[in-house]
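This report concerns only the one structure given below.
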Amino acid sequence: MFGRTDWAEIPNLQTLGDRHLWGLFEGQNMRENGARAVRLIAEQEYVSTLQGQHMLFLLVDLLSRQFGVVGHIHLDVANVPTHEPYRQMGGDVAGAALNIVASNSQGRIEASRGKGQDVACTVSVGFATGFQDEVVTYGWSDGWNVYVGRNVLQVPYTNGSIPLGPYFGACVLASEVFKRIGCLNERFGKFAYTFYYSLWTGQEYSSLDDMPRGQALSKVELPELVIVGLGAVGQAVSLVLGMMADILTIPPIILIDGDHYDSTNHNRCVLGDGKDVKQKTKKVQIAERFLMSRDIVVRTYDGTWEKFVFESPDRNTDFQYEWVLSCVDNNVARHSIQQLWPHFILGGSTVNMTSNVTLYERGSGFECMKCYNQPEENPESPEELRNALLQKDEEQFLRLCQKAGADPTLVMDYLKTAQCGSLGEAEIRKFESTTIEPSVGFVSVAAGVLVVSQLLRCLTSGVNEAFPNAHNLYFSLLKLGHTSYPALANPECDCRSQYFQ
Ligand SMILES: [Zn+2]
């Protein structure tokens, strides 16, 4: 979101959008739909507030990463001054929004001011008028609370600076665009007709009057945080924390990640820009750059958590950690974090189009990070899928090919040669498209918002209030619904030993 513009070698749309173009909605392929134009309108009074600007700028950022889905953004946005945290992107709201699109997409997604024509859908930040003749999805927020739906509400506008509600609303609005352009069949998911959600309670409501306001946060002091993994979820956590620098007391944060940023990250990482794709910037540096711009002190470690705890001068020599935010995306890393038994691990992750936050509390009797996660990584790349398919017998293999609609001869050809760019590689992707929902930016950002919301709830109200029934919260952006389930510790796991009780 806070990008610079210098992107000489632009990867193509298929590469940039690869993770969300893989497939969608029971085999219907997003690649074949083609990119469409979107109309984004904003109510002047609402985008004059910081709440409105939080929602607008994150929404613009998310849309300008939907490569191959969103082709053009028509911005019908009034010229009002930007608030401080966004001033570096431009002095007025419309100009700053155009800058975000240019910086993220480098012309791969166009943006222009005006109402535009032939749009696939219209979304509104606040309740812009004059568009009642078309289907408009409106978004509005007040601190912890958010509304997304098709009705115009009479609501107050506040000067609140909490970005949780507006950012969550931006994720829901971005998912609405993705589902509309992807021609979602409502048997598989749900559009936002009237959706009221409180990040304070993690619950849905049927009207604004029923929603609690949530706590003001002006005196909250964060504990020392270690963030492991600065990919899509870790960057979203960094964004949200950075935007709360004025209202929270934030001690130095330790950032740990050894990876480079590349074009496969760019559709979901809110802090990375075109220059980072070109330069393959370290992910820790991208998060550091933003947090420092918000006057937060950070210490970075360019490597894995395993190496950090033995090598880094910033490690705790007694190996005791109170709060670790786990934003890693594989079970090997999860096991190694759990291995040191921090008191609290708050894990943010995505499963298909569902955002998840789970609290792993030492000695709680609920699951730890080792209880049910197998240490193998999930098959994801064609190479990993290839290894998984090679384990199958002939009958299983043919059945899987049939289910995926893939040609068994071409797939077998790929299994034998593993040749990149071959017909067989294209064929093997069909397995992913029927079994994997797309990895889209708004799912990762929603997970980051949930992590910070739940962290603040734990600190202000206690763990039992934050997670009243279970230590996890799942929110599906496909179905617009939340769930949680009490996952008790696996009796066979180390965490059940007396040492931790
Ligand atoms: Zn366990």
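Restricting attention to region 337-360, the residues that are within 14 Å of the ligand (Cβ to nearest atom), buried (at least 18 other Cβ atoms within 10 Å of the Cβ) and not aromatic (F, W, Y) total 7. Taking first residues from region 458-476 that are under 25 Å from N352 (Cβ atoms) and partners that are among the hydroxyl-bearing types (S, T, Y) and crowded, with 20+ Cβ neighbours inside 10 Å, the Cβ contacts under 7 Å between residues at least 6 apart in sequence or on separate chains come to H471/T358; N472/T358; Y474/T354; F475/T354; F475/S355; S476/T354. Given the condition of a type outside the set (D, E, K, R), assigned to a helix (DSSP H, G or I) and in contact with a Phe, Trp or Tyr (Cβ under 8 Å, 6 or more places away or on another chain), answer yes or no: does some residue in region 305-320 qualify? Scanning region 305-320, I find at least one residue that is of a type outside the set (D, E, K, R), assigned to a helix (DSSP H, G or I) and in contact with a Phe, Trp or Tyr (Cβ under 8 Å, 6 or more places away or on another chain), so the answer is yes.
Give the number of residues within region 477-489 that are within 18 Å of F344 (Cα to Cα) and not in a strand (DSSP E or B). Summing the residues that are within 18 Å of F344 (Cα to Cα) and not in a strand (DSSP E or B) in region 477-489 gives 3. Within region 290-300, none of the residues are assigned to a loop (DSSP other than H, G, I, E, B), within 26 Å of F168 (Cβ to Cβ), in the same structural domain as E322 (by TED's automatic domain parsing) and touching an Asp or Glu at 6+ places or on another chain (Cβ under 7 Å).
Within region 314-336, residues that are charged (D, E, K, R) sit with their Cβ atoms under 7 Å from residues that are assigned to a helix (DSSP H, G or I), at 6+ positions apart or across chains, in these pairs: R315/F308; R315/V309. Checking the conditions here, which among R362, R334 is among the charged types (D, E, K, R), more than 15 Å from I256 (Cβ to Cβ), assigned by TED's automatic domain parsing to the domain that holds H471 and modelled with pLDDT under 95? Answer to the check: R362. With respect to (1) under 29 Å from V119 (Cβ atoms); (2) in contact with a Gly (Cβ under 8 Å, 6 or more places away or on another chain), the lone exception for C183 is condition (2). Taking the criterion of being within 16 Å of the ligand (Cβ to nearest atom), surrounded by 14 or more Cβ atoms within 10 Å (Cβ to Cβ) and within 18 Å of H343 (Cβ to Cβ), the residues of region 464-501 that qualify are H471, N472, A489, C493, D494, C495, R496, F500. Please work out if G424 is surrounded by 18 or more Cβ atoms within 10 Å (Cβ to Cβ) and either farther than 27 Å from G182 by Cβ or at pLDDT below 95 (or both). Spelling it out, G424 is indeed surrounded by 18 or more Cβ atoms within 10 Å (Cβ to Cβ) and either farther than 27 Å from G182 by Cβ or at pLDDT below 95 (or both). L255 meets the conditions (1) buried (at least 17 other Cβ atoms within 10 Å of the Cβ); (2) part of a loop (DSSP other than H, G, I, E, B); (3) free of Cβ contacts under 8 Å to residues at least 60 places away in the same chain in every case but one. The failed one is (2). Any residue in region 135-145 that is free of Cβ contacts under 8 Å to residues at least 60 places away in the same chain and hydrophobic (A, V, I, L, M, F, W, C)? Taking every residue of region 135-145 in turn, at least one turns out to be free of Cβ contacts under 8 Å to residues at least 60 places away in the same chain and hydrophobic (A, V, I, L, M, F, W, C).
The values are calculated or read from the model by the stated rules, or taken from the named source; none is laboratory data. Since the model is a prediction, treat every value here as computed from it, not as a measurement. Positions of Cβ are backbone-derived with ideal geometry, glycine not excepted, and every protein chain shown enters the neighbour counts.
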